[in-house]
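A short write-up of the structure that comes next.
The values are calculated or read from the model by the stated rules, or taken from the named source; none is laboratory data. Nothing here was measured: the structure is a model prediction, and the numbers come from that model. Using ideal geometry, Cβ is built from the backbone for each residue, glycine included, and neighbour counts are taken over all protein chains shown. Note: accessible area is taken over every heavy atom of the protein model, side chains too, but ligands, DNA and RNA are not part of it. Shrake-Rupley method; radii C 1.70, N 1.55, O 1.52, S 1.80 Å.
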Amino acid sequence: MYKLVLSLVLLMGTWVAQAQTQNALSSQEKKQGWELLFNGKDVSGWHTYGGKGVGTAWKVEGDALKLDVPTRAGNKAPNGGDIVSNVLVSGDFEFKADWKVSPLANSGIFFFVKEAEQYKNMHNTGLELQVLDDKIYEGAAENKHRAGDFFGVANARLREINPVGEWNQVHVVFRKNKLTITLNGFVVQEHDLSSVDWKQRITNSPLKNAPIAQNQLTGVIGLQDWGSTVWYRNVKLRKLK
């Protein structure tokens with residue numbers, strides 16, 4: 001009986017240790033070809049959109065990459081700026097990340113971002129998955145701006161967002177033109193990017209002149225600075241064959 005209890009205690013300890021390990025790849029993930037885009041220690045692997053280096057407002061706090069904005073700063077934080085991955089994604093992929101926000105915060109995770117002079121801002125080129133405190137729109141009519149929405153393109157099919165200050169888990173799969181977004185275990189977006197419906201959505205959106213409108217589905221991944229505090233961790237990418 002003593003050995004059984006001891007074994008259970010040790011097993012539970014292992015589970016807890018694994019659950020608390022952030023910004024790390026499991027042995028299975030390594031075999032599957034996952035890579036970390038945020039190492040949990042510094043901002044290496046990222047740079048300011050259209051520039052070099054990373055603004056000092058982006059910092060590592062605990063186990064998270066934090067955009068530190070003590071006071072709401074309009075649409076951009078002092079010494080902040082949108083950041084993008086050094087890694088270029090040019091095919092099918094999977095992406096995972098955890099995010100949480102401060103009260104009334106606004107940010108986003110961007111896909112298919114092209115850095116080019118004709119695209120002054122990241123949001124002129126990339127497809128944005130909204131990261132948000134939905135209280136910003138409390139009482140407002142439905143729009144395509146809430147957490148889990150593709151900004152200006154598509155609403156999430158349901159809203160299962162954890163409270164401010166708690167972590168949310170997003171899992172993105174892009175395979176054979178099919179884009180699926182799972183948020184906190186719920187599928188919130190499913191689109192065929194070759195379909196008439198999707199093309200009409202893009203045509204009627206702020207991305208009508210972006211590369212994605214010409215079915216250019218390659219680029220870097222971006223994290224948005226929209227002048228408020230937000231955290232990211234466990235940012236992982238797997239390129240699919």
Considering only region 196-206, I want to know if a residue exists there that is within 25 Å of Ala77 (Cα to Cα), of a type outside the set (Asp, Glu), open to solvent by 10 Å² or more (accessible area, probe 1.4 Å) and within 16 Å of the chain's Cα centre (by Cα).
no
Read through the list (1) more than 27 Å from Lys30 (Cα to Cα); (2) of a type outside the set (Phe, Trp, Tyr); (3) open to solvent by less than 70 Å² (accessible area, probe 1.4 Å), then give the number of the only condition that Ile181 fails.
(1)
Of the listed residues (Arg238, Arg175), the one being within 16 Å of the chain's Cα centre (by Cα) and farther than 21 Å from Lys120 by Cα is Arg238
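Does Asn215 satisfy being more than 16 Å from the chain's Cα centre (by Cα), under 19 Å from Ser90 (Cβ atoms) and at pLDDT below 95? Write out each step before concluding.
Numbers: more than 16 Å from the chain's Cα centre (by Cα): yes; under 19 Å from Ser90 (Cβ atoms): yes; at pLDDT below 95: yes.
Judged against the criteria, Asn215 is a match.
Any chance region 79-86 includes a residue that's over 21 Å from Val220 (Cβ atoms), of a type in the set (A, V, I, L, M, F, W, C), crowded, with 22+ Cβ neighbours inside 10 Å and touching a residue at least 12 places away in the same chain (Cβ under 8 Å)? Walk me through it before giving the result.
Of region 79-86, the ones over 21 Å from Val220 (Cβ atoms) are 79.
Retained after the next criterion (residues that are of a type in the set (A, V, I, L, M, F, W, C)): none.
No, because not a single residue in region 79-86 is over 21 Å from Val220 (Cβ atoms), of a type in the set (A, V, I, L, M, F, W, C), crowded, with 22+ Cβ neighbours inside 10 Å and touching a residue at least 12 places away in the same chain (Cβ under 8 Å).
Look at region 105-117 and say how many of its residues are in contact with an Asp or Glu (Cβ under 6 Å, 6 or more places away or on another chain) and in a strand (DSSP E or B). Even if it seems obvious, please write down each step before you answer.
Just the residues of region 105-117 that are in contact with an Asp or Glu (Cβ under 6 Å, 6 or more places away or on another chain), to begin with: 105, 108, 110.
Of the ones still in play, those that are also in a strand (DSSP E or B) are 108, 110.
Result for region 105-117: 2.
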Just to be sure I understand, how many residues within region 145-172 are under 23 Å from Leu193 (Cα atoms) and free of Cβ contacts under 8 Å to residues at least 60 places away in the same chain?
15
Candidate set from region 113-153 (those that are surrounded by fewer than 24 Cβ atoms within 10 Å (Cβ to Cβ) and touching a helix residue (DSSP H, G or I) at 6+ places or on another chain (Cβ under 6 Å)); member that is nearest to Ala97 (Cα to Cα)
Arg146
Taking the condition of being at positive phi, touching a strand residue (DSSP E or B) at 6+ places or on another chain (Cβ under 9 Å) and either assigned to a helix (DSSP H, G or I) or not small (Gly, Ala, Ser) (or both), how many residues in region 194-241 meet it?
1
Subset of region 98-112 that is open to solvent by 10 Å² or more (accessible area, probe 1.4 Å) and among the polar types (S, T, N, Q) - its residue that is nearest to Ala64 (Cα to Cα)
Ser102
List every residue pair whose Cβ atoms sit under 6 Å apart, with the two residues 6 or more apart in sequence or on different chains, where the first one lies in region 120-131 and is without any contact (Cβ under 8 Å) to a residue 40 or more places away in the chain and the second, anywhere, is open to solvent by 50 Å² or more (accessible area, probe 1.4 Å).
Gln130/Phe151
Does Ser102 satisfy being under 13 Å from Leu223 (Cα atoms) and either out of contact with any Asp or Glu (no Cβ under 6 Å at 6 or more places or on another chain) or not hydrophobic (A, V, I, L, M, F, W, C) (or both)?
no
Residue by residue through region 46-65, note down the ones that are open to solvent by less than 30 Å² (accessible area, probe 1.4 Å) and touching a Ser or Thr at 6+ places or on another chain (Cβ under 7 Å).
Trp46, Gly55
Filter result (assigned to a loop (DSSP other than H, G, I, E, B), under 19 Å from Gly108 (Cβ atoms) and under 18 Å from the mean Cα position of the chain (by Cα)) within region 58-74:
Asp68
List, please: which pairs have Cβ atoms under 6 Å, are six or more places apart or on different chains, and start with a residue in region 221-241 that is open to solvent by less than 10 Å² (accessible area, probe 1.4 Å) and end with one that is part of a loop (DSSP other than H, G, I, E, B) and among the aromatic types (Phe, Trp, Tyr)?
Val235/Phe38
